[in-house]
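Single-structure report; data block below.
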Amino acid sequence: MGGGGFGYGIIGCGWVAPAHAWGVRALGPAGVRLVAVADQDPDRAERLAQDFDVPHVYADYRDLLSRPDVHAVSICLPDFLHCEATVAAAAASKHVLCEKPLARSVSEADEMMAACERRGVALGLVMNHRYFPDNIRTKRAIREGALGRVLMGSVMHSSALTGDPSGASPWRGRRGLAAGGILTTQAIHFLDLLLWFAGPARAVKAWTDRLVRDGQDYEDTAVLALQLRSGALATLATTNGAPITDDFTGTRLEIHGTEGYVVLEGDRLRLASMRDGYALQEVRQPPVPTGAAEVVFGLGHVYEVMDFVTAVRRGVPPPVPGGDGRHLMAVLTAAYASARGEREVGLEDGPAAYSNLAAGSGDLLIQGGGRGPGE
């Protein structure tokens, strides 16, 4: 499918859909066009169609899938519709780029992958954070050996963001409709980066709780400990009970290895490497239409749509394959199982309970100008 025109469709016209539409528009000079959009809310679909000059609008996505001039689709639907829509798209021989999480369960992910494999179509997962320049630099540094053998990684993430700020996503946080809580809505991006940098997981221990958002069925706070297949160890701590809605300023990701470390904090990247002369390289990304810069969450979605379509047309695997989404669901499924089954182990306080903090203010002597240990 390297030559000729390439038709694209978007299923689900909510707040992330314009980012996908901009990705398609950016490929206009290469013969890619947005042929149709579908949403059960006709007003929302019409708005997207008007903004991007889309000629065909449908209330039922199956009507979109029946069009022979649509070769691939973005699925921007709620979690509980990902499997159904992907299987239907595969049956119609459409390539699929699905928003995260890939599915609500590993079995759904397997069904989606099998359906696409049977029809010989690609299944890709949206992981827009992989396209941020500093994350690309980090991936390259690790791949090129700047950190040596990876030993451990960590993510600390906090945000108040729970979904579409307009409140148009009532399915979020609801059992049976959403795949989970913060782990599947926000933290999945940083779990993906952690595993993309350091490799897939072998085992998980987890603790989850609802510390702030009592109205949800799922967790708002979680801590995961992971053993990776390489033998490296990692942790992820996340909450959306924080007061700041910016996912980036409240996130810190670190990877440490035998030859150095990398720290990603907000919009800052720090690398320390024992490799002589190693320096981070600039990341050159393709130009996009001017209006694309206004999309939510930056240009990651735009670049991934461009990458996905390019891969499909060249007949190579998608940049973030469905198998990565399946592995993420396997990790999160194991995390939820661990959180349900773990017993809390109490500790007996001896006569000196952790530096005698109970007996005093807890200040260090050197801080207050008092005697140091052993004096």
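We did not get these values from a lab; they are worked out from the coordinates using the rules stated. All of these numbers come straight from a predicted model, not from anything done at the bench. Positions of Cβ are backbone-derived with ideal geometry, glycine not excepted, and every protein chain shown enters the neighbour counts.
Out of TRP196, LEU65, GLY5, whose Cα points farthest toward the positive end of the dipole of the chain (charges: +1 Lys, Arg; -1 Asp, Glu; placed on Cβ)?
GLY5
List, in order, the whole-Hz ³J(HN,Hα) value for each residue of region 287-292 obtained from phi through the Karplus relation with A = 6.51, B = -1.76, C = 1.60 and θ = phi - 60°; use x for Gly and Pro.
Rounded to whole hertz, the list is x, 10, x, 3, x, 5.
When a footprinting reagent is the concern and you count Cβ atoms within 10 Å, what order do VAL126, VAL150, VAL288 take, fewest first?
Lowest count first: VAL288, VAL150, VAL126.
Which residue, ARG25, ARG137, ARG275, tops the fluctuation ranking in a GNM of the chain built on C-alpha contacts under 10 Å?
ARG275
Under a plain spin-label model, where a point goes 7 Å from the Cα along Cα-to-Cβ, how far apart in nm are VAL263 and PHE297?
2.7
Counting only C-alpha contacts under 8 Å and six or more residues apart, can you give the relative contact order of region 1-115 as a whole percent?
It comes to 24 percent, rounded to a whole number.
What spacing in nm lies between the two simple spin-label points modelled at GLN285 and ASP209, each 7 Å away from Cα in the Cβ direction?
3.7
So for region 131-273, averaging the separation of alpha carbon pairs under 8 Å that are six or more residues apart and normalising by length, what relative contact order in percent results?
34
Based only on other Cβ atoms within 10 Å, what is the fewest-to-most ordering of SER93, SER273?
Going from sparsest to densest Cβ surroundings: SER93, SER273.
Which value in Å does the Kirkwood hydrodynamic radius of the chain take, with 1/r averaged over all unlike C-alpha pairs and then inverted?
One over the average 1/r among Cα pairs gives 22.4 Å for the chain.
What percent of all Cα-Cα pairs in region 131-273 falls in each 5 Å bin, counting up from 0?
Cα pair-distance distribution for region 131-273, in percent: 2, 10, 19, 21, 18, 14, 9, 5, 2, 0.
Can you work out the base-10 log of I(q)/I(0) for region 112-163 at q = 0.21, 0.30 1/Å, using the Debye formula on its C-alpha atoms alone?
Evaluating at q = 0.21, 0.30 Å⁻¹ gives log10 I(q)/I(0) of -0.92, -1.16.
Run the numbers on the chain and let me know its relative contact order in percent, using alpha-carbon pairs under 8 Å that are six or more apart.
Relative CO of the chain lands at 19 percent.
Please find, in a Gaussian network model of the chain (springs between Cα atoms separated by less than 10 Å), the residue of ALA30, ALA335, ALA92 whose mean-square fluctuation is greatest.
Checking each option, the largest mean-square fluctuation is seen for ALA30.
Dipole magnitude of the chain about its Cα centre, charges +1 at Lys/Arg Cβ and -1 at Asp/Glu Cβ only, in debye to the nearest 20?
Taking the Cα centre of the chain as origin, the dipole is about 1060 debye.
At a temperature of 25 °C and a viscosity of 0.890 mPa s, determine how fast region 60-177 diffuses translationally according to Stokes-Einstein, using the Kirkwood radius over alpha-carbon pairs as Rh; express D in µm²/s, rounded to the nearest whole number.
Approximately 146 µm²/s, per Stokes-Einstein.
Would you compute, from DSSP H runs of 4+ residues alone, the mean residue ellipticity of the chain at 222 nm, taking -39500 (n - 2.57) per run and dividing by the full residue count, rounded to the nearest 500? Display every interim value, and only then the final one.
On the way: 11 runs with 115 residues, N = 375.
The helix contribution divided over the chain gives -9000 deg cm²/dmol.
Using the alpha-carbon centroid of each, what span in Å lies between region 165-236 and region 122-139?
18
Which of the listed residues, GLY145, GLY14, GLN40, is farthest toward the dipole's positive end in the chain, when Lys, Arg count +1 and Asp, Glu count -1 at the beta-carbon?
Towards the positive end, the residue furthest out is GLY145.
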